[in-house]
1. Would you kindly derive the ³J(HN,Hα) couplings of segment 154-171 from the backbone phi angles with the Karplus curve 6.51 cos²θ - 1.76 cosθ + 1.60 (θ = phi - 60°), listing them in order in whole Hz, with x for Gly and Pro?
2. Taking a threshold of 25 Å on the Cα-Cα distance, which of the pairs K338/K430; K401/K483; K159/K389 fall above it?
3. Around F135, under 11 Å between beta carbons, what's the net of Lys plus Arg minus Asp minus Glu among the other residues?
4. Over 24 Å between Cα atoms: which of K341/K420; K405/K479; K281/K360 fall into that group?
5. In square angstrom, rounded to the nearest 10, how much accessible surface does T161 have for a 1.4 Å probe?
6. Given an 8 Å cut-off on Cα distances and at least 6 residues of separation, report the relative contact order of segment 233-299 as a percent.
7. Carbon and sulfur together cover what percent of the accessible area of segment 289-372 at a 1.4 Å probe radius?
8. Can you tell me what the convex hull of the Cα atoms of segment 157-225 projects to on average, as an area in nm²?
Amino acid sequence: MTTGSLGLRSSGSYGSLQQQLFQNSSSPIQTTPPIPRKPPKLFKEKDGLFLWICKFAPRKNVGMLLLCVVSAAAFLWVLYVGKGEVAAEQSNRMFAPETVHKYTFRGIESIQKNNVGQSVSTVQPPPPPLPPVYFKGYTLPPGNPCEGFTLPPPPADKKRTGPRPCPVCYLPVEQAIALMPDAPSFSPGVSNLTYIHEENQSKTEFGGSDFGGYPSLIQRNDSYDIRESMSVHCGFVRGIRPGHQTGFDIDDSDLLEMESCQGVVVASAIFGAFDLIRQPKNTSEYAKKNVCFYMLVDEQTEAFLRNSSELNNSMRIGLWRIVVVHNLPYDDPRRNGKVPKLLLHRLFPNARYSLWIDGKLELVVDPYQILERFLWRKNASFAISRHYKRFDVFVEAEANKAAAKFDNASIDFQVDFYKKEGLTPYSRAKLPITSDVPEGCVIIREHIPISNLFTCLWFNEVDRFTPRDQISFAIVRDKIMSKTNWTVNMFLDCERRNFVIQGYHRDILGRLTPPRASIIVHPPPPVILETQHTSPFVPTSTVITTPIKKIPTKRGRERKSKRHRKVIAGNKDPNFN
(Lines give C-alpha, C1' and ligand atoms only; values in the text may rest on other atoms or scores of the structure.)
Protein backbone atom coordinates (compact mmCIF):
# COMPACT_ATOMS: atom_id res chain seq x y z
CA MET A 1 0.00 0.00 0.00
CA THR A 2 1.42 3.34 -1.02
CA THR A 3 0.97 6.75 0.46
CA GLY A 4 -0.74 7.82 -2.68
CA SER A 5 -3.58 5.41 -2.03
CA LEU A 6 -4.04 6.95 1.43
CA GLY A 7 -4.04 10.53 0.17
CA LEU A 8 -0.90 11.39 2.19
CA ARG A 9 1.80 13.75 1.02
CA SER A 10 5.30 12.42 0.84
CA SER A 11 6.86 15.50 2.35
CA GLY A 12 9.31 14.59 5.07
CA SER A 13 8.55 17.72 7.10
CA TYR A 14 4.93 16.93 7.55
CA GLY A 15 5.76 13.30 8.21
CA SER A 16 8.22 14.19 10.92
CA LEU A 17 5.79 16.62 12.50
CA GLN A 18 3.07 13.96 12.36
CA GLN A 19 5.35 11.46 13.98
CA GLN A 20 6.35 13.95 16.67
CA LEU A 21 2.73 14.73 17.45
CA PHE A 22 1.92 11.05 17.68
CA GLN A 23 4.81 10.44 20.03
CA ASN A 24 3.92 13.40 22.23
CA SER A 25 0.29 12.33 22.48
CA SER A 26 -0.70 10.74 25.76
CA SER A 27 -2.60 7.90 24.03
CA PRO A 28 -1.33 6.74 20.65
CA ILE A 29 -3.87 7.03 17.82
CA GLN A 30 -4.81 3.65 16.38
CA THR A 31 -5.48 3.43 12.59
CA THR A 32 -7.36 0.68 10.68
CA PRO A 33 -5.95 -0.12 7.23
CA PRO A 34 -8.54 0.24 4.45
CA ILE A 35 -9.97 -2.81 2.69
CA PRO A 36 -8.36 -3.26 -0.74
CA ARG A 37 -10.46 -2.94 -3.87
CA LYS A 38 -10.31 -5.41 -6.85
CA PRO A 39 -12.68 -4.05 -9.42
CA PRO A 40 -11.58 -6.33 -12.40
CA LYS A 41 -12.08 -9.66 -10.52
CA LEU A 42 -15.37 -8.49 -9.06
CA PHE A 43 -16.72 -7.67 -12.48
CA LYS A 44 -15.73 -11.16 -13.84
CA GLU A 45 -17.48 -12.98 -10.98
CA LYS A 46 -20.58 -10.90 -11.50
CA ASP A 47 -20.61 -11.68 -15.26
CA GLY A 48 -20.26 -15.44 -14.70
CA LEU A 49 -22.96 -15.59 -12.09
CA PHE A 50 -25.32 -13.61 -14.33
CA LEU A 51 -24.76 -16.00 -17.29
CA TRP A 52 -25.27 -19.07 -15.00
CA ILE A 53 -28.54 -17.72 -13.71
CA CYS A 54 -29.76 -16.95 -17.23
CA LYS A 55 -28.86 -20.52 -18.31
CA PHE A 56 -30.72 -22.33 -15.56
CA ALA A 57 -33.59 -19.94 -15.03
CA PRO A 58 -35.79 -21.11 -17.95
CA ARG A 59 -35.25 -24.76 -17.20
CA LYS A 60 -36.19 -24.89 -13.60
CA ASN A 61 -38.53 -22.97 -11.36
CA VAL A 62 -35.81 -22.38 -8.97
CA GLY A 63 -34.17 -19.95 -11.35
CA MET A 64 -36.05 -17.03 -10.04
CA LEU A 65 -35.26 -17.99 -6.50
CA LEU A 66 -31.61 -18.32 -7.27
CA LEU A 67 -31.73 -15.07 -9.09
CA CYS A 68 -33.21 -13.35 -6.06
CA VAL A 69 -30.70 -14.94 -3.71
CA VAL A 70 -27.80 -13.98 -5.91
CA SER A 71 -29.13 -10.46 -6.31
CA ALA A 72 -29.53 -10.07 -2.56
CA ALA A 73 -26.04 -11.38 -1.95
CA ALA A 74 -24.65 -9.04 -4.55
CA PHE A 75 -26.51 -6.17 -3.01
CA LEU A 76 -25.18 -6.98 0.42
CA TRP A 77 -21.68 -7.34 -0.98
CA VAL A 78 -21.89 -4.02 -2.70
CA LEU A 79 -23.10 -2.42 0.54
CA TYR A 80 -20.25 -4.00 2.47
CA VAL A 81 -17.60 -2.96 -0.02
CA GLY A 82 -19.00 0.56 -0.30
CA LYS A 83 -19.09 0.94 3.47
CA GLY A 84 -15.46 -0.15 3.69
CA GLU A 85 -14.40 2.31 1.01
CA VAL A 86 -16.18 5.18 2.73
CA ALA A 87 -14.58 4.27 6.07
CA ALA A 88 -11.17 4.02 4.48
CA GLU A 89 -11.65 7.35 2.76
CA GLN A 90 -12.70 8.98 6.01
CA SER A 91 -9.74 7.42 7.75
CA ASN A 92 -7.40 8.67 5.08
CA ARG A 93 -8.81 12.16 5.31
CA MET A 94 -8.69 12.24 9.11
CA PHE A 95 -5.07 11.22 9.36
CA ALA A 96 -3.70 13.13 6.44
CA PRO A 97 -0.89 15.49 7.54
CA GLU A 98 -2.88 18.66 7.05
CA THR A 99 -5.83 17.13 8.87
CA VAL A 100 -3.63 15.92 11.71
CA HIS A 101 -2.18 19.44 12.08
CA LYS A 102 -5.61 20.97 12.13
CA TYR A 103 -7.00 18.69 14.76
CA THR A 104 -3.81 18.80 16.79
CA PHE A 105 -3.66 22.59 16.78
CA ARG A 106 -7.28 22.76 17.74
CA GLY A 107 -6.53 20.45 20.62
CA ILE A 108 -3.61 22.60 21.71
CA GLU A 109 -5.77 25.69 21.53
CA SER A 110 -8.45 24.03 23.61
CA ILE A 111 -5.83 23.02 26.19
CA GLN A 112 -4.52 26.57 26.32
CA LYS A 113 -8.03 27.88 26.76
CA ASN A 114 -8.59 25.51 29.60
CA ASN A 115 -5.29 26.54 31.20
CA VAL A 116 -6.19 30.20 30.86
CA GLY A 117 -9.48 29.54 32.50
CA GLN A 118 -7.76 27.74 35.33
CA SER A 119 -5.20 30.58 35.76
CA VAL A 120 -7.95 33.18 35.97
CA SER A 121 -9.68 31.19 38.64
CA THR A 122 -6.54 30.58 40.69
CA VAL A 123 -4.52 33.83 40.28
CA GLN A 124 -5.33 36.71 42.65
CA PRO A 125 -6.91 39.88 41.20
CA PRO A 126 -4.44 42.49 39.91
CA PRO A 127 -2.93 44.69 42.61
CA PRO A 128 -4.25 48.24 43.03
CA PRO A 129 -2.35 51.05 41.30
CA LEU A 130 0.74 52.35 43.01
CA PRO A 131 0.16 55.26 45.37
CA PRO A 132 1.21 58.71 44.17
CA VAL A 133 4.81 59.74 44.72
CA TYR A 134 5.47 62.39 47.38
CA PHE A 135 8.54 64.31 48.42
CA LYS A 136 9.93 62.81 51.64
CA GLY A 137 12.86 65.11 52.33
CA TYR A 138 16.57 64.46 52.18
CA THR A 139 19.70 64.71 54.27
CA LEU A 140 22.82 66.54 53.29
CA PRO A 141 25.80 64.35 52.43
CA PRO A 142 28.49 63.88 55.08
CA GLY A 143 31.07 66.59 55.04
CA ASN A 144 28.72 69.30 53.83
CA PRO A 145 29.42 72.54 55.69
CA CYS A 146 25.74 72.95 56.53
CA GLU A 147 25.42 69.42 57.95
CA GLY A 148 26.63 70.20 61.47
CA PHE A 149 26.18 73.94 61.44
CA THR A 150 25.31 75.49 64.79
CA LEU A 151 24.57 79.07 65.67
CA PRO A 152 27.44 80.90 67.31
CA PRO A 153 26.73 82.85 70.49
CA PRO A 154 25.52 86.41 69.94
CA PRO A 155 28.19 89.07 69.99
CA ALA A 156 28.76 90.68 73.35
CA ASP A 157 27.68 94.22 72.64
CA LYS A 158 26.15 95.89 75.66
CA LYS A 159 25.08 98.89 73.61
CA ARG A 160 22.96 96.77 71.25
CA THR A 161 20.40 94.75 73.14
CA GLY A 162 17.59 94.53 70.57
CA PRO A 163 16.99 91.88 67.89
CA ARG A 164 19.73 91.30 65.37
CA PRO A 165 20.46 88.88 62.51
CA CYS A 166 22.42 85.68 63.00
CA PRO A 167 24.39 83.62 60.46
CA VAL A 168 22.51 81.05 58.36
CA CYS A 169 24.15 78.27 56.34
CA TYR A 170 22.72 78.35 52.81
CA LEU A 171 23.69 75.97 50.06
CA PRO A 172 25.05 77.48 46.85
CA VAL A 173 22.32 78.58 44.48
CA GLU A 174 23.10 75.85 41.95
CA GLN A 175 22.80 73.12 44.58
CA ALA A 176 19.59 74.60 45.99
CA ILE A 177 18.03 74.67 42.52
CA ALA A 178 19.10 71.07 41.88
CA LEU A 179 17.43 69.95 45.14
CA MET A 180 14.04 71.41 44.23
CA PRO A 181 11.56 68.50 44.67
CA ASP A 182 10.02 66.92 41.59
CA ALA A 183 6.95 65.78 43.54
CA PRO A 184 4.75 67.62 46.05
CA SER A 185 4.86 66.95 49.76
CA PHE A 186 2.27 64.69 51.36
CA SER A 187 -0.84 66.46 52.60
CA PRO A 188 -1.99 64.64 55.75
CA GLY A 189 -5.69 64.57 56.48
CA VAL A 190 -6.99 66.40 53.43
CA SER A 191 -6.31 65.75 49.75
CA ASN A 192 -9.14 67.63 48.04
CA LEU A 193 -9.89 71.21 49.11
CA THR A 194 -12.56 73.41 47.52
CA TYR A 195 -13.85 76.85 48.44
CA ILE A 196 -17.36 78.08 49.19
CA HIS A 197 -19.04 80.45 46.76
CA GLU A 198 -22.07 82.40 48.01
CA GLU A 199 -23.80 85.21 46.19
CA ASN A 200 -26.58 85.67 48.76
CA GLN A 201 -25.08 86.01 52.22
CA SER A 202 -26.69 86.43 55.60
CA LYS A 203 -24.92 87.67 58.70
CA THR A 204 -24.47 85.24 61.57
CA GLU A 205 -23.69 85.49 65.28
CA PHE A 206 -20.73 87.86 65.04
CA GLY A 207 -17.91 88.77 62.75
CA GLY A 208 -17.38 88.13 59.10
CA SER A 209 -17.58 90.29 55.98
CA ASP A 210 -18.94 90.29 52.47
CA PHE A 211 -15.51 89.36 51.17
CA GLY A 212 -14.87 86.48 53.58
CA GLY A 213 -18.48 85.45 54.01
CA TYR A 214 -20.33 85.05 57.26
CA PRO A 215 -19.62 81.48 58.36
CA SER A 216 -21.62 80.46 61.38
CA LEU A 217 -20.00 78.96 64.44
CA ILE A 218 -21.25 75.56 63.31
CA GLN A 219 -19.54 76.03 59.97
CA ARG A 220 -16.43 77.23 61.74
CA ASN A 221 -16.30 74.12 63.91
CA ASP A 222 -16.93 71.93 60.89
CA SER A 223 -13.98 73.47 59.07
CA TYR A 224 -11.69 72.12 61.79
CA ASP A 225 -13.01 68.57 61.31
CA ILE A 226 -10.23 67.47 58.99
CA ARG A 227 -11.21 64.94 56.31
CA GLU A 228 -10.16 63.91 52.82
CA SER A 229 -12.50 66.21 50.90
CA MET A 230 -13.42 69.58 52.37
CA SER A 231 -15.12 72.79 51.29
CA VAL A 232 -14.39 75.88 53.40
CA HIS A 233 -14.74 79.65 53.36
CA CYS A 234 -11.56 81.22 52.03
CA GLY A 235 -12.28 84.76 50.90
CA PHE A 236 -13.53 85.78 47.45
CA VAL A 237 -16.89 84.18 48.30
CA ARG A 238 -18.96 86.40 46.00
CA GLY A 239 -17.19 85.52 42.79
CA ILE A 240 -16.47 82.33 40.95
CA ARG A 241 -12.97 83.51 40.07
CA PRO A 242 -10.75 85.14 42.72
CA GLY A 243 -9.99 88.72 41.82
CA HIS A 244 -12.94 89.12 39.46
CA GLN A 245 -15.96 90.99 40.88
CA THR A 246 -15.26 89.72 44.38
CA GLY A 247 -13.77 92.74 46.07
CA PHE A 248 -9.99 92.88 45.86
CA ASP A 249 -10.46 92.99 42.08
CA ILE A 250 -7.62 92.65 39.59
CA ASP A 251 -7.62 93.25 35.85
CA ASP A 252 -8.17 90.13 33.75
CA SER A 253 -4.86 90.56 31.94
CA ASP A 254 -3.03 90.54 35.28
CA LEU A 255 -5.03 87.54 36.47
CA LEU A 256 -4.00 85.56 33.41
CA GLU A 257 -0.36 86.37 34.09
CA MET A 258 -0.73 85.38 37.74
CA GLU A 259 -2.39 82.10 36.83
CA SER A 260 0.48 81.29 34.45
CA CYS A 261 3.00 81.31 37.31
CA GLN A 262 3.66 77.61 37.94
CA GLY A 263 6.84 77.55 39.98
CA VAL A 264 7.94 79.96 42.72
CA VAL A 265 6.28 83.29 43.44
CA VAL A 266 7.69 86.07 45.63
CA ALA A 267 4.90 88.48 46.57
CA SER A 268 4.49 91.66 48.56
CA ALA A 269 1.98 94.50 48.82
CA ILE A 270 1.89 98.23 49.52
CA PHE A 271 -1.43 99.92 50.29
CA GLY A 272 -1.92 103.57 51.08
CA ALA A 273 1.52 104.47 49.68
CA PHE A 274 2.96 103.73 53.11
CA ASP A 275 6.17 102.05 51.91
CA LEU A 276 8.80 102.50 49.28
CA ILE A 277 9.52 99.69 46.83
CA ARG A 278 12.79 97.94 47.62
CA GLN A 279 14.48 95.77 45.02
CA PRO A 280 15.61 92.22 45.84
CA LYS A 281 19.35 91.77 46.01
CA ASN A 282 21.75 88.88 45.47
CA THR A 283 19.26 87.21 43.13
CA SER A 284 20.63 84.64 40.70
CA GLU A 285 20.05 84.88 36.96
CA TYR A 286 18.05 81.66 37.13
CA ALA A 287 15.73 83.16 39.73
CA LYS A 288 15.32 86.35 37.72
CA LYS A 289 14.08 84.29 34.77
CA ASN A 290 12.00 81.67 36.59
CA VAL A 291 10.67 83.26 39.81
CA CYS A 292 7.54 85.42 39.63
CA PHE A 293 8.04 88.70 41.53
CA TYR A 294 4.71 90.46 42.17
CA MET A 295 4.02 93.68 44.04
CA LEU A 296 0.33 94.37 44.70
CA VAL A 297 -0.63 98.03 45.14
CA ASP A 298 -3.85 100.00 45.42
CA GLU A 299 -4.84 102.95 43.28
CA GLN A 300 -3.40 105.46 45.73
CA THR A 301 0.00 103.79 45.67
CA GLU A 302 -0.13 103.55 41.87
CA ALA A 303 -0.73 107.30 41.60
CA PHE A 304 2.15 107.99 43.97
CA LEU A 305 4.51 105.78 41.96
CA ARG A 306 3.53 107.43 38.70
CA ASN A 307 3.95 110.92 40.12
CA SER A 308 7.40 109.99 41.35
CA SER A 309 8.30 108.67 37.85
CA GLU A 310 9.05 105.21 39.23
CA LEU A 311 6.24 103.50 37.33
CA ASN A 312 5.60 103.66 33.59
CA ASN A 313 3.32 101.80 31.20
CA SER A 314 5.42 98.64 31.44
CA MET A 315 4.06 98.16 34.97
CA ARG A 316 7.46 96.99 36.15
CA ILE A 317 9.86 98.42 38.68
CA GLY A 318 13.05 96.42 38.58
CA LEU A 319 12.17 92.77 39.25
CA TRP A 320 8.72 93.60 40.57
CA ARG A 321 5.68 93.32 38.34
CA ILE A 322 3.20 95.89 39.64
CA VAL A 323 -0.45 94.76 39.89
CA VAL A 324 -3.12 97.30 40.78
CA VAL A 325 -5.93 96.12 43.07
CA HIS A 326 -9.34 97.78 42.86
CA ASN A 327 -12.30 97.77 45.27
CA LEU A 328 -10.44 96.87 48.42
CA PRO A 329 -12.81 94.91 50.65
CA TYR A 330 -11.98 96.54 54.00
CA ASP A 331 -11.68 100.05 55.32
CA ASP A 332 -8.82 98.94 57.56
CA PRO A 333 -5.59 98.72 55.52
CA ARG A 334 -4.28 96.09 57.91
CA ARG A 335 -7.08 93.72 56.96
CA ASN A 336 -6.54 94.43 53.26
CA GLY A 337 -2.93 93.43 53.65
CA LYS A 338 -3.97 90.04 55.04
CA VAL A 339 -5.67 89.06 51.77
CA PRO A 340 -2.49 88.56 49.70
CA LYS A 341 -0.50 87.57 52.76
CA LEU A 342 -2.65 84.56 53.62
CA LEU A 343 -4.47 83.81 50.35
CA LEU A 344 -1.65 83.69 47.83
CA HIS A 345 -2.73 80.19 46.79
CA ARG A 346 -6.01 81.65 45.55
CA LEU A 347 -4.38 84.51 43.63
CA PHE A 348 -1.70 82.18 42.20
CA PRO A 349 -3.58 78.88 41.87
CA ASN A 350 -0.85 77.11 39.86
CA ALA A 351 2.21 78.16 41.87
CA ARG A 352 4.03 75.43 43.82
CA TYR A 353 5.86 77.58 46.37
CA SER A 354 5.43 81.13 47.62
CA LEU A 355 7.50 83.55 49.65
CA TRP A 356 5.58 86.43 51.19
CA ILE A 357 7.44 89.47 52.52
CA ASP A 358 5.92 92.64 53.93
CA GLY A 359 6.32 95.82 51.94
CA LYS A 360 8.70 97.26 54.52
CA LEU A 361 11.27 94.50 53.93
CA GLU A 362 14.09 94.11 51.44
CA LEU A 363 14.97 90.62 50.22
CA VAL A 364 18.74 90.04 50.18
CA VAL A 365 19.03 86.23 49.62
CA ASP A 366 18.10 84.18 46.56
CA PRO A 367 14.57 82.67 46.87
CA TYR A 368 15.77 79.15 46.04
CA GLN A 369 18.29 79.24 48.87
CA ILE A 370 15.55 80.30 51.29
CA LEU A 371 13.21 77.53 50.15
CA GLU A 372 15.94 74.93 50.43
CA ARG A 373 17.00 76.05 53.89
CA PHE A 374 13.59 76.41 55.57
CA LEU A 375 11.30 74.03 53.61
CA TRP A 376 13.03 71.30 51.63
CA ARG A 377 15.84 70.56 54.06
CA LYS A 378 13.34 70.45 56.94
CA ASN A 379 10.78 68.44 54.92
CA ALA A 380 8.19 71.08 55.82
CA SER A 381 5.37 72.67 53.84
CA PHE A 382 4.99 75.80 55.98
CA ALA A 383 7.66 77.91 57.67
CA ILE A 384 7.41 81.12 59.65
CA SER A 385 9.72 82.80 62.15
CA ARG A 386 8.75 83.07 65.78
CA HIS A 387 8.65 86.35 67.62
CA TYR A 388 12.01 87.45 68.92
CA LYS A 389 10.70 88.25 72.38
CA ARG A 390 7.20 86.91 73.09
CA PHE A 391 6.14 83.27 73.01
CA ASP A 392 2.73 83.42 74.70
CA VAL A 393 -0.51 84.52 73.04
CA PHE A 394 -1.82 86.16 76.20
CA VAL A 395 1.37 88.17 76.59
CA GLU A 396 1.14 89.16 72.94
CA ALA A 397 -2.45 90.31 73.41
CA GLU A 398 -1.48 92.53 76.31
CA ALA A 399 1.36 94.01 74.27
CA ASN A 400 -1.06 94.82 71.45
CA LYS A 401 -3.36 96.53 73.90
CA ALA A 402 -0.53 98.52 75.44
CA ALA A 403 0.61 99.68 72.00
CA ALA A 404 -2.98 100.54 70.99
CA LYS A 405 -2.70 98.38 67.89
CA PHE A 406 -6.42 97.64 67.99
CA ASP A 407 -9.48 98.12 70.09
CA ASN A 408 -8.81 96.63 73.51
CA ALA A 409 -12.34 95.29 73.94
CA SER A 410 -12.09 93.37 70.66
CA ILE A 411 -8.76 91.87 71.68
CA ASP A 412 -10.17 90.81 75.06
CA PHE A 413 -13.21 89.24 73.39
CA GLN A 414 -11.00 87.25 71.02
CA VAL A 415 -8.69 86.01 73.77
CA ASP A 416 -11.59 85.02 76.02
CA PHE A 417 -13.17 83.13 73.12
CA TYR A 418 -9.95 81.18 72.59
CA LYS A 419 -9.67 80.45 76.31
CA LYS A 420 -13.05 78.75 76.23
CA GLU A 421 -11.86 76.66 73.29
CA GLY A 422 -8.90 75.39 75.30
CA LEU A 423 -6.04 77.74 74.45
CA THR A 424 -3.54 77.78 77.31
CA PRO A 425 -0.45 79.88 77.99
CA TYR A 426 2.74 78.65 76.41
CA SER A 427 4.94 76.38 78.52
CA ARG A 428 7.60 73.75 78.04
CA ALA A 429 4.87 71.15 78.06
CA LYS A 430 4.07 72.19 74.46
CA LEU A 431 7.49 71.16 73.15
CA PRO A 432 8.50 70.45 70.41
CA ILE A 433 6.36 73.51 69.64
CA THR A 434 8.75 76.34 70.37
CA SER A 435 6.36 79.32 70.35
CA ASP A 436 2.73 80.35 70.05
CA VAL A 437 3.51 83.78 68.61
CA PRO A 438 4.93 84.21 65.09
CA GLU A 439 6.59 87.17 63.46
CA GLY A 440 4.31 87.17 60.45
CA CYS A 441 6.13 89.56 58.14
CA VAL A 442 7.61 86.58 56.21
CA ILE A 443 5.78 83.38 55.26
CA ILE A 444 7.39 80.52 53.33
CA ARG A 445 5.03 77.81 52.15
CA GLU A 446 4.26 75.06 49.70
CA HIS A 447 0.84 75.18 48.08
CA ILE A 448 -0.61 71.79 49.05
CA PRO A 449 -4.12 71.18 50.47
CA ILE A 450 -3.12 71.08 54.14
CA SER A 451 -1.12 74.33 54.07
CA ASN A 452 -3.84 75.98 51.97
CA LEU A 453 -6.41 74.89 54.54
CA PHE A 454 -4.31 76.33 57.35
CA THR A 455 -4.05 79.77 55.73
CA CYS A 456 -7.76 79.74 54.82
CA LEU A 457 -8.77 79.08 58.42
CA TRP A 458 -6.21 81.57 59.68
CA PHE A 459 -7.69 84.20 57.37
CA ASN A 460 -11.20 83.37 58.60
CA GLU A 461 -10.10 84.14 62.15
CA VAL A 462 -8.64 87.46 61.03
CA ASP A 463 -11.86 88.21 59.16
CA ARG A 464 -14.07 87.30 62.12
CA PHE A 465 -12.05 88.77 64.99
CA THR A 466 -9.21 91.30 65.00
CA PRO A 467 -6.61 91.71 62.21
CA ARG A 468 -3.82 90.91 64.69
CA ASP A 469 -2.84 87.60 63.11
CA GLN A 470 -0.29 86.82 65.84
CA ILE A 471 -3.18 86.25 68.24
CA SER A 472 -5.09 83.79 66.03
CA PHE A 473 -2.11 81.81 64.71
CA ALA A 474 -1.77 79.32 67.58
CA ILE A 475 -5.45 78.34 67.86
CA VAL A 476 -5.63 77.41 64.16
CA ARG A 477 -2.34 75.53 64.23
CA ASP A 478 -3.23 73.55 67.34
CA LYS A 479 -6.67 72.55 66.04
CA ILE A 480 -5.19 71.19 62.81
CA MET A 481 -2.31 69.46 64.58
CA SER A 482 -4.76 67.72 66.91
CA LYS A 483 -6.32 65.95 63.90
CA THR A 484 -3.22 65.36 61.76
CA ASN A 485 0.55 64.97 62.08
CA TRP A 486 1.14 68.19 60.16
CA THR A 487 3.61 70.62 61.71
CA VAL A 488 4.90 74.15 61.17
CA ASN A 489 8.59 74.99 60.97
CA MET A 490 8.98 77.95 63.34
CA PHE A 491 12.57 79.13 62.91
CA LEU A 492 14.46 81.79 64.81
CA ASP A 493 13.71 85.44 64.26
CA CYS A 494 17.40 86.19 63.88
CA GLU A 495 17.46 83.78 60.93
CA ARG A 496 14.65 85.74 59.30
CA ARG A 497 16.60 88.94 59.75
CA ASN A 498 19.43 87.29 57.87
CA PHE A 499 17.59 87.21 54.51
CA VAL A 500 15.33 90.29 54.84
CA ILE A 501 16.28 93.77 55.99
CA GLN A 502 13.66 95.95 57.59
CA GLY A 503 13.60 99.40 56.04
CA TYR A 504 11.82 100.97 58.96
CA HIS A 505 9.61 99.82 61.79
CA ARG A 506 5.90 100.63 61.73
CA ASP A 507 4.26 100.24 65.08
CA ILE A 508 0.78 101.47 64.20
CA LEU A 509 -0.14 100.91 60.57
CA GLY A 510 -3.37 102.88 60.61
CA ARG A 511 -1.78 106.05 61.95
CA LEU A 512 0.79 106.42 59.24
CA THR A 513 0.07 108.85 56.43
CA PRO A 514 1.25 108.52 52.84
CA PRO A 515 4.77 109.84 52.36
CA ARG A 516 4.82 113.48 51.41
CA ALA A 517 7.17 115.33 49.14
CA SER A 518 10.48 116.09 50.75
CA ILE A 519 10.68 119.58 52.37
CA ILE A 520 13.50 121.76 51.15
CA VAL A 521 15.36 123.18 54.13
CA HIS A 522 16.72 126.62 53.38
CA PRO A 523 19.73 128.07 55.25
CA PRO A 524 18.92 130.46 58.10
CA PRO A 525 18.54 134.14 57.16
CA PRO A 526 21.71 136.15 57.38
CA VAL A 527 22.40 138.27 60.44
CA ILE A 528 23.33 141.91 59.88
CA LEU A 529 26.15 142.99 62.09
CA GLU A 530 27.46 146.53 62.27
CA THR A 531 31.19 146.47 62.55
CA GLN A 532 33.55 149.38 62.18
CA HIS A 533 36.77 148.76 60.34
CA THR A 534 39.71 150.97 61.05
CA SER A 535 41.68 149.77 58.08
CA PRO A 536 42.41 152.63 55.70
CA PHE A 537 41.77 150.37 52.73
CA VAL A 538 38.20 149.39 53.73
CA PRO A 539 35.75 152.19 54.29
CA THR A 540 33.51 152.14 57.26
CA SER A 541 30.34 150.18 56.22
CA THR A 542 27.89 147.38 57.12
CA VAL A 543 29.10 143.83 56.31
CA ILE A 544 26.60 140.86 55.86
CA THR A 545 27.97 137.69 57.40
CA THR A 546 26.57 134.36 58.38
CA PRO A 547 27.02 133.47 61.99
CA ILE A 548 29.13 130.42 62.51
CA LYS A 549 28.61 128.35 65.55
CA LYS A 550 31.82 128.02 67.45
CA ILE A 551 32.68 124.46 68.19
CA PRO A 552 34.10 124.11 71.66
CA THR A 553 37.45 122.47 71.77
CA LYS A 554 38.44 120.01 74.40
CA ARG A 555 41.03 121.25 76.78
CA GLY A 556 44.27 119.46 76.55
CA ARG A 557 46.35 118.38 79.45
CA GLU A 558 49.28 120.35 78.13
CA ARG A 559 47.37 123.56 78.71
CA LYS A 560 48.67 125.36 81.75
CA SER A 561 46.24 126.00 84.55
CA LYS A 562 45.39 129.53 85.45
CA ARG A 563 47.10 131.04 88.36
CA HIS A 564 44.91 131.79 91.26
CA ARG A 565 45.48 134.86 93.35
CA LYS A 566 46.59 133.96 96.78
CA VAL A 567 44.55 135.62 99.44
CA ILE A 568 46.40 136.47 102.59
CA ALA A 569 44.53 137.11 105.70
CA GLY A 570 44.42 140.79 106.47
CA ASN A 571 45.15 141.76 102.89
CA LYS A 572 41.83 141.18 101.29
CA ASP A 573 41.49 142.16 97.71
CA PRO A 574 38.99 144.93 97.35
CA ASN A 575 37.71 143.50 94.09
CA PHE A 576 36.79 140.19 95.67
CA ASN A 577 33.28 140.12 97.05
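The values are calculated or read from the model by the stated rules, or taken from the named source; none is laboratory data. Bear in mind that the values here come from a model prediction, so they are computed numbers and not experimental data. Neighbour counts run over all protein chains shown; Cβ positions are idealised from the backbone, glycine included. Ligands, DNA and RNA are stripped out before the accessible areas are found, and what is left, the full protein with its side chains, is counted by its heavy atoms. Shrake-Rupley method; radii C 1.70, N 1.55, O 1.52, S 1.80 Å.
1. For segment 154-171, the Karplus-derived couplings read x, x, 7, 10, 5, 7, 10, 10, x, x, 8, x, 10, x, 10, 8, 9, 6 Hz, x marking Gly and Pro.
2. Values: K338/K430 28 Å; K401/K483 32 Å; K159/K389 18 Å.
Correct reply: K338/K430; K401/K483.
3. Taking every Cβ under 11 Å from that of F135, the sum is 0.
4. Violating the 24 Å Cα-Cα cut-off are K341/K420; K405/K479.
5. Number for this one is 120 Å².
6. With pairs under 8 Å counted, the relative contact order is 30 percent.
7. Working: 1170 of 2900 Å².
It is 40 percent, rounded to a whole number.
8. 11.2 nm²
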